[in-house]
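**Student:** Encoded as structure tokens, here's the structure I'll be asking about.
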Amino acid sequence: MILVTGATGHLGKTTVEHLLKNIPGNKIVAFARAENKAQQLKERGIEIRLGNFEDTASLDKAMQGIEKVLLISTIDHQRYQQHKNVVDAAKKAGVKHIAYTGVTLKNVNTSAVKFLMDSHFETEDYIKESGLNYTFLRNSLYAEVIPMYVGENVFEKGIYLPTANGKVAYALRREMGEAAANVLLQNGHENKTYQITGSELYSYQDVANELSSLSGKAINYTDADAATFPDKLKEHGVPELRILIASGFSADIKSGQYEIVSKDLEDLLGRKPITLKESLKEIYSL
Ligand SMILES: NC(=O)c1ccc[n+]([C@@H]2O[C@H](COP(=O)([O-])OP(=O)(O)OC[C@H]3O[C@@H](n4cnc5c(N)ncnc54)[C@H](OP(=O)(O)O)[C@@H]3O)[C@@H](O)[C@H]2O)c1
């Protein structure tokens with residue numbers, strides 16, 4: 001039996017979809033916080049175990065009879081403790097293998113969002129110390145986050161971000177989910193760390209060029225001034241936390257933190273991941 005946490009979230013849902021293409025629903029357990037969100041999974045024959053990462057009793061129950069767990073990271077400030085609770089429950093219940101979705105970064109210690117990213121690597125260390133077999137899926141940025149960064153008026157106003165020529169090997173979440181499902185379905189991924197990235201690096205100038213070519217509109221990229229960028233967002237009513245995240249991730253993109261290209265995703269999929277252009281076509285329905 002395979003248990004997927006975050007099964008009612010974006011990455012979890014797509015992972016379960018790929019699992020269902022290969023194994024029956026009764027071999028999959030979804031750990032979910034809200035029964036109503038899990039209804040569709042239930043209708044497909046998947047057992048729902050309700051709970052919360054803060055509720056250790058619910059985790060203990062959920063882990064019964066489970067061989068493999070996919071722990072999908074949360075975005076909570078307390079996520080290290082939440083993840084620890086999942087690992088502890090898995091170990092206690094005799095789970096054989098845990099896969100964890102973290103992040104691919106060149107150096108977390110110099111990250112502008114170290115306060116957020118540290119917990120990914122702390123979780124990995126904790127899993128290693130637990131003695132459980134593990135697979136670390138260090139995910140690059142989702143292509144789906146691009147619309148959040150470029151804003152909803154991108155086709156009218158262009159892209160304004162302090163990322164200069166910094167590049168990212170974006171990957172589509174559904175392909176990352178497929179890769180995660182394959183890790184759970186296949187043998188041979190024990191104690192491996194994978195960099196889940198697209199096949200090519202792209203700057204926001206590249207994003208602007210691809211969007212121009214797909215939409216037929218001229219979309220410009222402007223390298224925003226990093227020092228005044230947060231104030232500009234504030235003027236537009238962007239909430240404080242969003243500003244911190246947008247500025248921090250932009251700084252990391254600019255400094256090359258995400259300039260990592262690996263063949264791991266391609267190997268796990270058995271084909272090349274889709275390109276930025278194809279991803280944008282899909283995301284924007286162009
Ligand atoms: N690589 C990237 O570009 C990128 C971008 C954004 C986030 N991320 C990271 O990747 C993770 C997965 O991405 P996603 O798009 O699938 O995010 P998502 O849709 O927000 O899914 C997160 C899942 O975690 C569950 N969850 C949150 N807190 C929980 C708790 N205390 N106990 C039990 N379950 C809990 C949520 O449950 P509910 O369904 O009940 O809400 C949800 O199913 C994120 O959580 C974040 O750590 C990566």
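**Student:** Tell me yes or no: at least one residue of the range 244-251 is among the hydrophobic types (A, V, I, L, M, F, W, C) and open to solvent by less than 10 Å² (accessible area, probe 1.4 Å).
**Tutor:** No: the range 244-251 contains no residue that is among the hydrophobic types (A, V, I, L, M, F, W, C) and open to solvent by less than 10 Å² (accessible area, probe 1.4 Å).
**Student:** Related question: Go through the range 70-123 residue by residue and tally those that are part of a loop (DSSP other than H, G, I, E, B), of a type in the set (S, T, N, Q) and surrounded by fewer than 18 Cβ atoms within 10 Å (Cβ to Cβ).
**Tutor:** Of the residues in that region, 3 qualify.
**Student:** Every residue in the range 150-175 that is of a type in the set (Gly, Ala, Ser) and modelled with pLDDT under 95, please.
**Tutor:** Once the filter is applied, which keeps residues that are of a type in the set (Gly, Ala, Ser) and modelled with pLDDT under 95, the range 150-175 yields only Gly151.
**Student:** Just give me the residues in the range 197-212 being touching a Lys or Arg at 6+ places or on another chain (Cβ under 8 Å) and either open to solvent by 70 Å² or more (accessible area, probe 1.4 Å) or closer than 21 Å to Ala251 by Cα (or both), in sequence order.
**Tutor:** Result: Leu201, Tyr202, Ser203, Asp206.
**Student:** Out of Glu124, Glu152, report the one residue that is of a type in the set (Asp, Glu), under 22 Å from the mean Cα position of the chain (by Cα) and under 28 Å from Asn187 (Cα atoms).
**Tutor:** Glu124 is the lone residue from the list that is of a type in the set (Asp, Glu), under 22 Å from the mean Cα position of the chain (by Cα) and under 28 Å from Asn187 (Cα atoms).
**Student:** If we scan the range 73-83, do we find a residue that is in contact (Cβ under 8 Å) with a residue 12 or more places away in the chain and away from the ligand (no atom under 13 Å from the Cβ)?
**Tutor:** So far as the range 73-83 goes, no, none of its residues is in contact (Cβ under 8 Å) with a residue 12 or more places away in the chain and away from the ligand (no atom under 13 Å from the Cβ).
**Student:** Can you give me the number of residues within the range 150-163 that are assigned to a loop (DSSP other than H, G, I, E, B) and surrounded by fewer than 21 Cβ atoms within 10 Å (Cβ to Cβ)?
**Tutor:** The total comes to 4.
**Student:** Let me ask another. Quick one: how many residues across the range 252-277 are under 19 Å from the mean Cα position of the chain (by Cα) and surrounded by 14 or more Cβ atoms within 10 Å (Cβ to Cβ)?
**Tutor:** Summing the residues that are under 19 Å from the mean Cα position of the chain (by Cα) and surrounded by 14 or more Cβ atoms within 10 Å (Cβ to Cβ) in the range 252-277 gives 18.
**Student:** Collect the residues in the range 44-69 that are more than 11 Å from the ligand (Cβ to nearest atom) and aliphatic (A, V, I, L, M), keeping them in residue-number order.
**Tutor:** Passing the criteria: Ile46, Ile48, Ala57, Met63, Ile66, Val69.
**Student:** Shifting gears a bit: Any idea which of (1) part of a helix (DSSP H, G or I); (2) in contact with a helix residue (DSSP H, G or I) (Cβ under 9 Å, 6 or more places away or on another chain) is the one Phe136 doesn't satisfy?
**Tutor:** Phe136 satisfies every listed condition except (1).
**Student:** A further question follows. For the range 130-149, give me each residue that is under 18 Å from Ser247 (Cα atoms), more than 12 Å from the chain's Cα centre (by Cα), at pLDDT 95 or above and crowded, with 17+ Cβ neighbours inside 10 Å.
**Tutor:** Ile146
**Student:** Within the range 164-184, work out how many residues are assigned to a loop (DSSP other than H, G, I, E, B) and either under 19 Å from Pro273 (Cα atoms) or open to solvent by 10 Å² or more (accessible area, probe 1.4 Å) (or both).
**Tutor:** 6
**Student:** Only residues in the range 132-151 that are touching a residue at least 12 places away in the same chain (Cβ under 8 Å) and acidic (Asp, Glu) count as the first member; pair them with residues that are more than 10 Å from the ligand (Cβ to nearest atom) and open to solvent by 20 Å² or more (accessible area, probe 1.4 Å), Cβ under 8 angstrom, at least 6 apart or cross-chain, and list the lot.
**Tutor:** From residues that are touching a residue at least 12 places away in the same chain (Cβ under 8 Å) and acidic (Asp, Glu), the pairs are Glu144/Ile283.
**Student:** Please work out if Asn187 is part of a loop (DSSP other than H, G, I, E, B), away from the ligand (no atom under 14 Å from the Cβ) and surrounded by fewer than 20 Cβ atoms within 10 Å (Cβ to Cβ).
**Tutor:** Yes, satisfied.
**Student:** So which residues in the range 1-43 are within 9 Å of the ligand (Cβ to nearest atom), of a type in the set (Gly, Ala, Ser), touching a Gly at 6+ places or on another chain (Cβ under 9 Å) and in a helix (DSSP H, G or I)?
**Tutor:** Correct list: Gly12 only.
**Student:** If you check every pair at least six apart or on different chains, which have Cβ atoms under 9 Å apart with a residue in the range 266-278 that is touching a residue at least 24 places away in the same chain (Cβ under 8 Å) first and a residue that is surrounded by fewer than 16 Cβ atoms within 10 Å (Cβ to Cβ) and assigned to a loop (DSSP other than H, G, I, E, B) second?
**Tutor:** Final answer for the pair search is Glu266/Lys272; Leu268/Gln186; Thr275/Glu200; Leu276/Glu200.
The values are calculated or read from the model by the stated rules, or taken from the named source; none is laboratory data. For clarity, every value in this text was computed on a predicted model and none was experimentally measured. Counting neighbours? That spans all protein chains shown, and the Cβs are built from the backbone with ideal geometry, glycine included. Note: accessible area is taken over every heavy atom of the protein model, side chains too, but ligands, DNA and RNA are not part of it. Shrake-Rupley method; radii C 1.70, N 1.55, O 1.52, S 1.80 Å.
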